[in-house]
Structure formats: structure tokens, C-alpha cells
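The values are calculated or read from the model by the stated rules, or taken from the named source; none is laboratory data. These figures come from a predicted structure and were not determined experimentally. Neighbour counts are summed over all protein chains in view; Cβ atoms, including those assigned to glycine, are modelled from backbone coordinates with ideal geometry.
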Amino acid sequence: MKLGLGTVQFGLDYGISNNRGKVPFEKALSLLKTAYHDGVTVLDTAYHYGSAEAVLGHLDWQKYPFKIISKTAKIEAPIVSAPAIAKVRTQFLSSLKKLKQTTVYGLLVHHFPDLCQVGSEKLWHMLETLKSEQIVKKIGVSVYDPQDVWYVLEHFAPDLIQLPFNVLDQRADTSGVFAALCSRGIECHVRSVYLQGLLLMPADKIFNVLPRALMAVKRFQALCQDYKISPMGMALHFVDQYEEIAHMIVGVTCLQELRQAMNALADSRSTTVLEELKQLAVYDNHVINPSLWP
């Protein structure tokens with residue numbers, strides 16, 4: 001199953017189109033159990049996802065042995081010092097305790113600039129040590145700009161990279177990043193498949209929250225209508241066609257959204273629209289980079 005489940009909504013109010021708020025505890029557990037039974041095997045979480053890790057810790061991992069991808073806490077210092085690294089390690093071990101795990105499948109540097117500071121080699125060495133201690137299986141980086149991958153590949157040896165990718169933000173493909181990761185045998189996970197829900201929003205709401213993106217989303221949704229595929233199905237279909245991608249991480253806030261995603265992905269597989277969707281790429285950072293949104 002290529003679909004992976006993001007868990008930020010289990011610990012925080014998150015997403016431009018999320019009007020439900022944080023998922024209640026019991027509903028989150030029900031979602032996780034249903035997702036596993038439906039074939040989802042990967043969970044994406046992080047130290048900075050509020051109470052998400054504590055929620056996951058209530059799962060019976062014997063019955064629901066997900067692969068867990070976690071992320072490091074941000075280094076709140078101008079240089080990466082030994083005390084800063086010790087703090088990050090302690091915070092990760094705290095995450096393991098909340099998750100009630102002794103190991104996780106992957107650990108990613110959450111804040112890419114941490115790898116660009118003086119002393120960043122200490123942070124990477126800490127990840128390598130955790131891997132050698134078999135506390136994590138794969139180490140890597142989560143980036144917001146695919147161009148940052150080139151820096152990572154030049155200075156470090158990641159097993160896993162997570163980056164944004166969707167029908168409007170196609171930089172990971174057009175820049176050659178996917179091809180580079182594939183040639184090196186690096187596992188690739190993508191997030192922001194719905195562009196934080198923007199691709200699924202009606203035009204009037206987009207105009208109110210991000211008018212700069214209106215025309216791009218209208219073009220996408222018009223193509224969906226032409227092929228009689230839902231925007232959710234088309235967004236998933238686009239990413240699903242890339243063999244370089246091991247998992248696409250999506251967030252859901254209720255069982256209905258989980259079912260919609262899985263059904264939409266299954267329904268879209270009878271159509272191939274990749275070349276037309278590639279024409280919808282947008283290179284305006286104020287549209288494709290949520291960190292720049294008002």
C-alpha cells in the first residue's frame with residue numbers, strides 16, 4: 001500500500017482546509033486501526049506534533065505493527081553543540097517512550113536548517129549512532145524545498161528523504177531530485193499531496209484564503225471534471241503514478257475521509273492522466289509553499 005498516514009491532526013489543529021480541528025482521542029485510535037486493516041503500513045509523526053505521539057502510544061503495536069517515521073526536535077541554538085545534540089537525543093528517547101516503542105523504522109531531521117549550521121555533522125553522527133544501536137532502521141531528512149535535497153546528498157548519506165510533491169508543486173520531478181534519489185537507492189516519501197487541502201477546496205473559499213492560487217486550482221478541478229474523477233482521486237492518482245515514490249503521506253480527520261482517500265485512489269487507477277497533469281505545474285512559491293501563506 002503506497003498510502004501512508006500522517007498524524008499531525010491527532011496532536012494539533014492543522015491544515016488550511018481542516019475545519020474539524022484536532023482529531024479526538026478515541027476517533028484517532030479508531031482511524032489508526034481501520035487504516036491498518038485496510039492495508040496502510042506507515043505512520044508519519046514527530047516530536048513537534050503536539051500530543052500525536054502520546055495518542056499513538058495507546059495502540060496495541062502487536063496487533064497494529066505500523067512502520068513509524070518520526071522526526072527530530074528543532075535545535076534552538078545558533079550552532080550545533082554537544083549539549084544541543086544531547087538534548088535532541090533525549091527528546092527523541094522521550095518520543096520513543098510516548099510511543100511505547102524501543103525502535104522506529106525511520107528518524108528524520110525535521111528542521112533542514114539544522115543541517116546547515118556550524119557543527120551539523122554532530123547531529124548526523126547522532127543519527128548514525130542511533131542506527132548502529134538499532135534504535136532506528138533508517139535515517140534521513142524532511143525538506144520543504146526539493147532543492148535542499150542536493151545539499152543533503154552532497155554532505156550526508158541518507159536512507160530516507162521526505163519532501164513535498166503534488167500536482168501544482170512538481171519541483172521534485174522537474175529538478176531531477178526523484179531520479180537522483182532512485183539512482184542512489186534512497187527511499188522517498190512525499191507529503192502535501194493535497195497541498196494541505198487547497199486542491200480540494202471550492203473556488204469561493206480559495207478566493208477568501210489564498211486568491212493567488214485560485215486560477216491554478218480551477219485548472220486542476222476543471223480537469224477533474226473532464227475525466228469525472230474527484231479532486232481527491234486526481235491528486236492521489238498523480239502521485240501514485242511515480243514509481244520513485246515509496247509512500248505518499250496524507251492526513252485525515254475522520255473515518256469518512258480515510259475511506260474517501262482509499263476509494264478515490266482505487267477508482268482513479270483505471271485512468272492515466274499524467275501528461276496532462278504535468279502541464280498544471282506552478283512555480284510561484286507563494287502558491288506551492290504553505291510556509292509562505294498568510
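When you scan the range 193-210, do you find a residue that is polar (S, T, N, Q), crowded, with 20+ Cβ neighbours inside 10 Å and within 29 Å of residue 137 (Cα to Cα), even just one? Among the residues of the range 193-210, at least one is polar (S, T, N, Q), crowded, with 20+ Cβ neighbours inside 10 Å and within 29 Å of residue 137 (Cα to Cα), which makes the answer yes. Inclusion of residue 237 among residues that are out of contact with any helix residue (DSSP H, G or I) (no Cβ under 8 Å at 6 or more places or on another chain), buried (at least 20 other Cβ atoms within 10 Å of the Cβ), within 30 Å of residue 152 (Cα to Cα) and of a type outside the set (Ser, Thr, Tyr) is not warranted.
A search for C-beta distances below 6 Å between a residue of the range 96-110 that is farther than 18 Å from residue 29 by Cα and of a type in the set (Gly, Ala, Ser) and any residue that is surrounded by 18 or more Cβ atoms within 10 Å (Cβ to Cβ) and modelled with pLDDT of 95 or more, counting only pairs 6+ apart in sequence or on different chains, returns 106/69; 106/138; 106/160. Looking at the range 104-187, the helices (runs of 4 or more DSSP H) lying wholly inside it that each contain 3 or more residues that are under 22 Å from residue 289 (Cβ atoms) sit at 148-155, 171-174, 177-183. Scanning the range 19-45 for residues that are assigned to a loop (DSSP other than H, G, I, E, B), surrounded by 19 or more Cβ atoms within 10 Å (Cβ to Cβ) and either modelled with pLDDT of 95 or more or out of contact with any Asp or Glu (no Cβ under 8 Å at 6 or more places or on another chain) (or both) yields 23, 40, 45. So which residues in the range 249-260 are within 24 Å of residue 143 (Cβ to Cβ) and among the aliphatic types (A, V, I, L, M), if there are any at all? Of everything in the range 249-260, those that are within 24 Å of residue 143 (Cβ to Cβ) and among the aliphatic types (A, V, I, L, M) turn out to be 249, 250, 252. Can residue 63 be described as among the basic types (Lys, Arg), touching a residue at least 40 places away in the same chain (Cβ under 8 Å) and part of a loop (DSSP other than H, G, I, E, B)? Spelling it out, it is not the case that residue 63 is among the basic types (Lys, Arg), touching a residue at least 40 places away in the same chain (Cβ under 8 Å) and part of a loop (DSSP other than H, G, I, E, B). Determine whether residue 246 is modelled with pLDDT of 90 or more and within 20 Å of the chain's Cα centre (by Cα). Against the criterion (modelled with pLDDT of 90 or more and within 20 Å of the chain's Cα centre (by Cα)), residue 246 qualifies. Scan the range 274-289 for residues that are modelled with pLDDT under 95, more than 17 Å from residue 192 (Cβ to Cβ) and of a type outside the set (Asp, Glu) and the total you get is 1.
Those helices (runs of 4 or more DSSP H) of the range 206-271 in which 2 or more residues are free of Cβ contacts under 8 Å to residues at least 40 places away in the same chain and either small (Gly, Ala, Ser) or within 30 Å of residue 180 (Cβ to Cβ) (or both) occupy 231-240, 255-268. Residues in the range 277-291 that are in a helix (DSSP H, G or I) and surrounded by 12 or more Cβ atoms within 10 Å (Cβ to Cβ): 7 in all.
Hey, any hits in the range 49-58 for a residue that's in contact with a Phe, Trp or Tyr (Cβ under 6 Å, 6 or more places away or on another chain), in a loop (DSSP other than H, G, I, E, B) and among the aromatic types (Phe, Trp, Tyr)? Scanning the range 49-58, I find no residue that is in contact with a Phe, Trp or Tyr (Cβ under 6 Å, 6 or more places away or on another chain), in a loop (DSSP other than H, G, I, E, B) and among the aromatic types (Phe, Trp, Tyr), so the answer is no.
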